[in-house]
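Enquirer: This structure is in structure tokens; I'll ask about it shortly.
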Amino acid sequence: MRSLKTKKRATNVTVQQGLLDEARQRSINLSRLLERALIDELRLQKEAEWRQENELAVREYNERVAADGVFSDGLRLF
């Protein structure tokens, strides 16, 4: 969870007039919405980068498990 004292910076964005009008009518907090959208988008991009960076290692691990199983195969009771 973010600290309540997180520094914020004002910025300008351009939004379709109709969307802005409806958002204001519905009392949507644009700053909060943008922050949430940015958090989600950054998380998605970081996940995609991690998958790309680790694709080879994950593939090799999966191939090894498919060929040899996992260490606990003989220990599990299920």
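The values are calculated or read from the model by the stated rules, or taken from the named source; none is laboratory data. Note that this is a predicted model, so its numbers are computed, not measured. With ideal geometry, Cβ positions are generated from the backbone for all residues, glycine too; neighbour counts draw on all protein chains shown. Accessible surface is based on the protein model in full, side chains and every heavy atom, while ligands, DNA and RNA are left aside. Shrake-Rupley method; radii C 1.70, N 1.55, O 1.52, S 1.80 Å.
Enquirer: Please sort by residue number the trypsin sites (Lys or Arg not before Pro) in region 15-78 whose DSSP state is loop and whose Cβ has at most 14 other Cβ atoms within 10 Å.
Expert: Details: sites: ARG24, ARG26, ARG32, ARG36, ARG43, LYS46, ARG51, ARG59, ARG64, ARG76; in loops: ARG26, ARG76.
Listed in order of number, the matching sites are ARG26, ARG76.
Enquirer: How much accessible area per residue does the chain have, counting only protein heavy atoms and a probe of 1.4 Å, in square angstrom?
Expert: 104
Enquirer: Right, something else. When the scattering of the chain is computed by the Debye formula from its Cα atoms alone, each counted once and equally, what is log10 I(q)/I(0) at q = 0.17, 0.23, 0.24 Å⁻¹?
Expert: -0.87, -1.14, -1.16
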